[in-house]
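Asks: Below is a structure I'd like to ask you about.
The values are calculated or read from the model by the stated rules, or taken from the named source; none is laboratory data. All of these numbers come straight from a predicted model, not from anything done at the bench. All Cβ positions, glycine included, derive from the backbone under ideal geometry; neighbour counts span all protein chains shown. Areas reflect the complete protein model, heavy atoms only, side chains present, ligands, DNA and RNA absent. Shrake-Rupley method; radii C 1.70, N 1.55, O 1.52, S 1.80 Å.
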Amino acid sequence: DSDPLYKVYYTRLSDWYPTLTERYDLANTVNADRFLSVHINSADSASAKGTETLYKDYKTYASVIHSSSLSGMGYTKVLRGTKMMSALAEMGFISNSTESARIDARSEAIGSALYQSLCNSFN
């Protein structure tokens, strides 16, 4: 947000839950150059663990996002709905106390790595 080279649009700044389609629609409406959506997963099982990055068409972009911010853990799947390079990064499972603590402890480092990855995608 503080980097004047980039205009950031948020899909969620309060406690509401836009659908993925609503998120896509915003990115498409503003004709965004990149779409990055950051999430924390949850599951019924406290043993659920791992990260995941979904992407659209530009696997290299998503791979850089994934490996830079999440140290290469997890796997990738396809993301549809946007007209631009897209990545949706799931940081881990909040329902797993070990992963939740790790996410809390690394949130600043994860955010910094996501920012650097996004910036690098323009080079």
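Asks: Just give me a number: lysine pairs in the chain, eight or more positions apart or cross-chain, with C-alpha atoms less than 18 Å apart.
Replies: Eligible lysine pairs with Cα atoms under 18 Å apart amount to 6.
Asks: Additional query: Express in nm, to one decimal, how much length is gained between SER45 and ASP25 on full extension, taking 0.36 nm for each residue of separation and deducting their alpha carbon distance.
Replies: Taking 0.36 nm per residue and subtracting the Cα distance, the gain is 4.0 nm.
Asks: Separate question: So, for the chain, what is the accessible surface per residue at a probe of 1.4 Å, expressed in square angstrom?
Replies: 62 Å²
Asks: What are the chymotrypsin sites (Phe, Trp or Tyr not before Pro) within segment 1-66 that DSSP puts in a loop, where the Cβ has at most 13 other Cβ atoms within 10 Å?
Replies: Here the sparse-neighbourhood loop sites are TYR6, TYR9, TYR10, TRP16.
Asks: Whose amide H sits under 5 Å from the amide H of ARG34, counting only residues 5 or more places off or on another chain, with H placed in the peptide plane?
Replies: Under 5 Å from the amide H of ARG34 lies no amide H from a residue far enough along the sequence or on another chain.
Asks: How far, in nm, would the chain grow between ASP15 and ALA105 when pulled straight, counting 0.36 nm per residue and subtracting the alpha carbon separation?
Replies: 30.2 nm
Asks: Only bridges whose two residues both fall in the chain count here: according to DSSP, what percent of them are antiparallel, nearest 5?
Replies: 30 percent
Asks: Here's something else I'd like to know. Measure off, as a whole percent, the carbon and sulfur share of the 1.4 Å-probe accessible area of the chain, all protein chains present.
Replies: It is 51 percent, rounded to a whole number.
Asks: Would you pull out the residues with amide H under 5 Å of SER121's amide H, same chain only if 5 or more places away, H placed 1.01 Å from N?
Replies: none
Asks: May I pose another question? Report the label-to-label distance for SER97 and ASP1 in nanometres (one decimal), using points 7 Å from each Cα along the Cα→Cβ vector.
Replies: In this crude label model, SER97 to ASP1 measures out at 3.3 nm.
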